[in-house]
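Data block below; observations after.
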Amino acid sequence: MTDTPEAAIQRVAHFFEHLKPADVASMAELYTSDAQFKDPFNDVQGLPAIERIFAHMFEAVHAPRFVITTQVLQGAHCFMTWDFLFVMPRVASGKTQTIRGATHFVLRQEAGVWRVAVHRDYWDAAEELYEKLPVLGSLMRWLKKRANS
């Protein structure tokens, strides 16, 4: 069986769209051992550090899930856009929140298998997260309004 970047990125998309807490332990099937991960809050290298980030996600929010909206693959580079849906604990409304973002993946072939070597998430923490928090959100919306006037 010959693996391809296309097959690898389909495995990655399926993994994230169906991610459950127990799946975090199987990230080695998708990521290189020295993979890099960066988002607005984290900048880590190595599979154990990446696994900790996703394990923490399940502790920090309720019912997290990703919906992949676009995929563009060129060689070993893939760009995905996604919606991340979750419920904030201790928020009275209990409404599902959505963060819209994008990820740049760089794949690397090792022993005939394509895996993620770089995972870089892009999303606006101020607009997508802070503005949705009860107290901080009011301040962020006021600051945004003042900056735009």
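Below, the figures for the structure above:
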{"read-out": "Residues satisfying the stated conditions in region 79-138, i.e. touching a Gly at 6+ places or on another chain (Cβ under 7 Å), modelled with pLDDT of 90 or more and among the hydroxyl-bearing types (Ser, Thr, Tyr)", "value": "TYR122"}
{"read-out": "Filter pass, THR69 being in contact with a Lys or Arg (Cβ under 9 Å, 6 or more places away or on another chain) and either of a type in the set (Asp, Glu) or within 15 Å of ASP121 (Cβ to Cβ) (or both)", "value": "yes"}
{"read-out": "Residue check, LEU85 of a type in the set (A, V, I, L, M, F, W, C), surrounded by 13 or more Cβ atoms within 10 Å (Cβ to Cβ) and farther than 19 Å from ARG115 by Cβ", "value": "yes"}
{"read-out": "Scope region 64-122; condition part of a loop (DSSP other than H, G, I, E, B), aliphatic (A, V, I, L, M) and either over 21 Å from PHE41 (Cβ atoms) or out of contact with any helix residue (DSSP H, G or I) (no Cβ under 9 Å at 6 or more places or on another chain) (or both); matching residues", "value": "ALA76, ALA92, ALA111"}
{"read-out": "Region 35-50: number of residues that are in contact (Cβ under 8 Å) with a residue 40 or more places away in the chain and surrounded by 11 or more Cβ atoms within 10 Å (Cβ to Cβ)", "value": "7"}
{"read-out": "ALA28 vs. criteria modelled with pLDDT under 95, more than 11 Å from the chain's Cα centre (by Cα) and not aromatic (Phe, Trp, Tyr)", "value": "no"}
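Residue by residue, here is whether (1) in a helix (DSSP H, G or I); (2) more than 17 Å from PHE105 (Cα to Cα) holds:
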position	(1), (2)
ILE9	yes, no
VAL12	yes, no
PHE15	yes, no
ASP23	yes, yes
ALA35	no, no
PRO40	no, no
ALA55	yes, yes
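The values are calculated or read from the model by the stated rules, or taken from the named source; none is laboratory data. Nothing here was measured: the structure is a model prediction, and the numbers come from that model. Positions of Cβ are generated from backbone atoms using ideal geometry, with glycine treated the same way; all protein chains shown enter the neighbour counts.
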